[in-house]
Amino acid sequence: MSVLFALLVAFQLFILAYFAVLNLLYAFFGYVGLRSVVVHSRELSDLALKDLLEHDVFMPVSVLVPAYNEEKSIEASVRSFVTMHYPLFEVVVVCDGCTDRTVERLIGAFSLVEEPVVYSRKLETKPVRRVMRSLRYPNLVVADKENGGKADALNAAINLARYPLIAPVDSDSILDTQAVLRASRMFLEDDTVLAVGGTIRPLNGAVMEGGRPGELRMPPTWIERLQIVEYARAFFLGRAGWTHFGALLIISGAFGLFRRESVVKVGGLWTGTLGEDMELVMRLHKEYTRAGRPHKIAFTPDPICWTEVPSDMRTLRRQRNRWHRGLWTNLWRHRDMLLNPRYGKLGMFAVPYFWLFEALGPVIEVLGLVVVAGSLLLGKLDPGFAVLFLSLAVLQGILLSQIGAGVEALLLHRYPRTPDRLMLFAAAFMEFVGFRQILTLERFRATIQAVHRTPTTWGEMPRAGIPAG
Amino acid sequence: MSDILVIEDDPVIGAILDRVLSHAGHAVEVVRMLSAGREVLELRAVDLILLDLNLPDGSGLEFLRVIRQDMHLQTPVMVLSGMRQEDHIVRGLQLGADDYVTKPFSPLELVARVDRWTRV
Amino acid sequence: MWRRFGDEAFTALVAVVVTVEAGVLLVLVLLLGGRATGLVGPSRVRGTLLAAIVSVTLGLVVLTVYVLAYQGISHRKELAFERSRSRWVGVWLDVLYLDREPPPPPLPHGAVAALLEVRETLKGIEGARVAQIVDRFGLGERFARGVRAPKISARLEAVEALAQARIPSALPDLIALIADPEHVVRVAAARAGVRTLAAVPPGQDRDVGAADLIQALEINQLPRGVVEEVLLLGEDAAPQLVGELLLRLDAPTASLKAGLNAAGRLQLFTFTDELIRFVDHADPEIRAAAFRAFRSIGYLPPEAEPAVMAALHDPVEFVRIHAARAARLLHVETAVPVLWKALGDPSWWVRRAAARSLVNLGEAGRRELAIAGAAHPDRYAREMASQVLRDADALLTPVAGVG
């Protein structure tokens, strides 16, 4: 019995130490991320950007848009891509076996005509039924193919793309007019850059002007508000921190810029995961490291992509479940990178971190909760102590969120109204008291499902529809 | 005395154009976004449009196409662009622009060109 | 995109808060370990826990207050600056157009910003007058001092102001700054340097300046993209700059690539004879860049024609691609047979370039392409030929790939 007790105590202390170390890491990363953002903010002046735009210093880009049943919003989305601020680019939309009227909407809105197009088929994909070009926007290409999933659709788009840089986006991403310009700069300045990721910000609540977000305001639900806080933290602190150490493992599928040649060289996106964006980055790192070729994959906070985030719990949980299963699939596929010195900082720090703190995090948290609750019931744990520790965890989380909010306040395009800022603060609080636990449970569930390999679908998100104004 | 619409988002350039052209005797309205420009054009006929190609809410060239092909306006259009954007200038002219001004510009030259397009 | 004030203060504040938090957490972890081994009593741990909570709460309060205060202050400050700058733009324009007297120094921040913006926008007679005003207020000296400041942000601000002001006397300072230890400052100085160079009237000063600038770029090994950007910003000093890069016998490869690309982008017709030297360079990227430049410029000197035809058989794919693109500049009778063969190239991109070049050769080329679509021995060549012909016909507006 005393053995059990000792084990219980040891496990309790392990949990506590786990969270203390985790928060230590978060805080450290938060600071590093913040610093790199601030330093970076000085690197690119507006004058420099103006020069970029006006003096034709750029690399042409193919924007790749995979779409599945988006009839409500597809017209507005594609229109926002086609009217982007960039000297030379094309937009390649691939409808992945849409069963609604997505394709019809596109044909009508953009005067598409079918063409028997000959293109280079470097990547294997499900058959493409037809390829259409727009009469009004010659740089718009739309393909209709058999359903094969997002990764498959992107690979088909890569086959159709003709420019050296590709920008895979989500069909509902709204790119800041200068996002591609800012992201593409890094490729110009450094030949070893393979991929660049930008910042994703929730669109919800913003006042739309001409199809793009104008003044930023708080969205109506707390679920949406807490995601604003969450994204600011994840990008300005998390990704900025990782890229500072040269160990960035993820570039968001909502917006990223890649060298087409590199992506084709490593075989395109993998259709076997729900997290095809992260898996591609990991594979790029892996293949280039194995080949002994210097390479760089970076995050810069400047290019901004807006996306609509879930406003109801069910959709949010499904999304997080999907992300977590994708994470597990990717980590498992590349488990040979774990603690492998051959992969340098990635193998020795980034990958282990993701295993221990991201993937296994929910498991440890849930177990911890069970152990703590059990210990309390058995009277083996001082309730005061438990409350203190919980409070500390919550406060640390909110602290980190506030650092993220501070960085957001440095942006020229920020939430201007003070009441909104206070609401963000409240959202940071609420995130750690309630929502986080629900999402942790969902991720725990995802872990179980990943272990049992439950079949997965891309899933649809009920959309309010982006106004086509 | 002509009615000129300037679509330019940079406030300084807008102010300069306003002053230079007003000084030369024209009536000038400056708007900062394409959507605002469209509103003006739907409400009244102007004698000349000065259109910046690098606007925040969309492409100036696309707007030019809209003016010419969708709205069927024959109003003379001068496009404003940076020094080395010959491609854009050429495309602008192909899409129906009548003249172009590169930045930085000489006010005297600008006024002379504007006068040419607004002469009745 | 980002505000540039208050960020360093925020970072410092966060550093303090995070350090304190980290310190307390570290102690906590150690104590927990001690607790596990029974060395430490529960009250110690509890005490540290309380200390952690207090420190984090304090940090949270401090940061939140800062963020809220910053929001309010920055908003007001920016509104005030905007208003000041707009007002001053009006003042400067009055000086120019209504012959008003310029106000006495010192100039507030908004006034300087407005003046620089006006300088940026105008050339010609008014432009020269604005330059005189800039000179009169000694802004050149002020920025030259700023360029030597110890803080990076101060140096950057001064450099950017000089980029807008384009004061010829500041050129040596800017060139010297290309050797700055900070990469950010080096790149900004390079760009400001070339903008300033473009404002120097043609003559010996400009020649010397161009040579010095190029030398500084090479010695300090600025990335190729930056060098190219600098060339593209050169306005009418660009030919000199490109010449500096291309006409030296010992120029490094990176410089050559930048120079060739710029020559093409800027369509520097006068360099076409110099470009011939590069068509059989050992480095395939240089060969390709030379062909690319010819195509952009739109002229191929007769002496270069054999090289283009030979390059269609180059072992390196991208050289063949660019040669195929340049082939549209060959005489029609020469071009058509070599492009016909290139339609059968194993590389998809070469086939495509060859087909498009044929289209661009006019009637004769199109005819040949149509024949190829039906009768070329290579199946892929037939497909490509037909496809490209269809594309060419389908373009109703001549605006391909416009942003």
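The values are calculated or read from the model by the stated rules, or taken from the named source; none is laboratory data. Note that the coordinates shown come from a computational prediction; the quantities given were computed from them, not determined experimentally. Cβ sites come from the backbone with ideal geometry, for glycine too, and all protein chains shown count toward neighbours.
Looking only at the stretch C:92-125, residues that are more than 17 Å from C:ILE167 (Cβ to Cβ) and charged (D, E, K, R) come to 4 in all.
Residues being within 13 Å of chain C (Cβ to nearest Cβ) and either surrounded by 15 or more Cβ atoms within 10 Å (Cβ to Cβ) or of a type in the set (Gly, Ala, Ser) (or both): count how many of those fall in the stretch A:81-127.
Going through the stretch A:81-127 one residue at a time, the tally reaches 20.
Where residues in the stretch C:27-81 are under 20 Å from A:LEU390 (Cβ atoms) and hydroxyl-bearing (Ser, Thr, Tyr), which of them is nearest to the other protein chains (Cβ to nearest Cβ)? Once the filter is applied, the top-ranked residue is C:THR57.
Restricting attention to the stretch C:9-43, the residues being surrounded by 15 or more Cβ atoms within 10 Å (Cβ to Cβ) and either acidic (Asp, Glu) or farther than 30 Å from C:LYS151 by Cα (or both) number 12. Among the residues of the stretch C:112-144, those that are within 26 Å of the chain's Cα centre (by Cα) and either of a type in the set (Lys, Arg) or not in a helix (DSSP H, G or I) (or both) comprise C:ARG119, C:LEU122, C:LYS123. Every residue in the stretch B:41-61 that is crowded, with 16+ Cβ neighbours inside 10 Å, away from every other protein chain (no Cβ under 11 Å) and not in a loop (DSSP other than H, G, I, E, B), please. Result: B:LEU41, B:LEU48, B:ILE49, B:LEU50, B:LEU51. The condition of being within 29 Å of B:MET33 (Cβ to Cβ) and within 11 Å of another protein chain (Cβ to nearest Cβ) holds for only one of A:THR192, A:THR177, that being A:THR177.
Of the numbered criteria (1) more than 10 Å from chain C (Cβ to nearest Cβ); (2) assigned to a helix (DSSP H, G or I); (3) over 18 Å from A:ARG239 (Cα atoms), the one A:LEU381 fails is (2). Regarding the stretch A:410-423, can at least one residue be identified that is at pLDDT below 85 and more than 14 Å from chain C (Cβ to nearest Cβ)? No; the residues of the stretch A:410-423 include none that is at pLDDT below 85 and more than 14 Å from chain C (Cβ to nearest Cβ).
Residue by residue, here is whether (1) basic (Lys, Arg); (2) farther than 20 Å from A:ARG182 by Cα; (3) modelled with pLDDT of 85 or more holds:
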{"position": "A:LEU53", "(1), (2), (3)": "no, no, no"}
{"position": "A:VAL65", "(1), (2), (3)": "no, no, yes"}
{"position": "A:LYS72", "(1), (2), (3)": "yes, yes, yes"}
{"position": "A:VAL94", "(1), (2), (3)": "no, yes, yes"}
{"position": "A:LEU112", "(1), (2), (3)": "no, yes, yes"}
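Scanning the stretch C:367-382 for residues that are surrounded by fewer than 17 Cβ atoms within 10 Å (Cβ to Cβ) and assigned to a helix (DSSP H, G or I) returns C:ARG367, C:ALA370, C:ILE371, C:ALA374, C:ALA375, C:ARG379, C:TYR380. Scanning the stretch C:257-282 for residues that are away from every other protein chain (no Cβ under 14 Å) and not in a helix (DSSP H, G or I) returns C:VAL279, C:ASP280, C:HIS281, C:ALA282. Quick check on my filter: what residues within the stretch A:138-192 are surrounded by fewer than 22 Cβ atoms within 10 Å (Cβ to Cβ), out of contact with any strand residue (DSSP E or B) (no Cβ under 7 Å at 6 or more places or on another chain) and among the aliphatic types (A, V, I, L, M)? Scanning the stretch A:138-192 gives a single hit, A:LEU188. Of the listed requirements (1) assigned to a helix (DSSP H, G or I); (2) out of contact with any Lys or Arg (no Cβ under 9 Å at 6 or more places or on another chain); (3) modelled with pLDDT under 75, A:LEU49 misses just one: (2).
Filtered by the rule that a residue be in contact (Cβ under 8 Å) with a residue 12 or more places away in the chain and among the aliphatic types (A, V, I, L, M), the stretch B:94-115 gives B:LEU95, B:ALA97, B:VAL101, B:LEU110, B:VAL111, B:VAL114. Going by the conditions given, is C:PHE5 within 7 Å of chain A (Cβ to nearest Cβ) and within 30 Å of A:ILE304 (Cβ to Cβ)? For C:PHE5, the condition - within 7 Å of chain A (Cβ to nearest Cβ) and within 30 Å of A:ILE304 (Cβ to Cβ) - is not met.
You will find that of B:ASP10, B:ASP18, the residue that is at pLDDT below 90 and within 13 Å of chain C (Cβ to nearest Cβ) is B:ASP10 and no other.
Answer with yes or no whether B:GLY25 is more than 10 Å from chain A (Cβ to nearest Cβ) and either in a helix (DSSP H, G or I) or over 19 Å from B:ARG116 (Cα atoms) (or both).
When the stated conditions are applied, B:GLY25 does not pass them.
Checking the stretch C:184-205 against the condition returns no match, with no residue being free of Cβ contacts under 8 Å to residues at least 12 places away in the same chain and farther than 17 Å from C:LEU241 by Cβ. The condition of being among the aliphatic types (A, V, I, L, M) and surrounded by fewer than 20 Cβ atoms within 10 Å (Cβ to Cβ) does not hold for B:ALA97. Residues in the stretch C:239-273 that are modelled with pLDDT of 85 or more, small (Gly, Ala, Ser) and in contact with a Lys or Arg (Cβ under 9 Å, 6 or more places away or on another chain): C:SER255, C:ALA258, C:GLY264. Taking residues in the stretch A:77-93 that are closer than 20 Å to B:HIS88 by Cα, and partners anywhere that are polar (S, T, N, Q), the pairs with Cβ atoms closer than 6 Å and at least 6 places apart or on different chains are A:THR83/B:SER59; A:HIS85/A:THR177; A:HIS85/A:GLN178; A:GLU90/A:SER62; A:GLU90/A:ASN139.
Note on the stretch C:184-230: among residues that are acidic (Asp, Glu) and within 11 Å of chain A (Cβ to nearest Cβ), the one that is surrounded by the most Cβ atoms within 10 Å (Cβ to Cβ) is C:GLU229.
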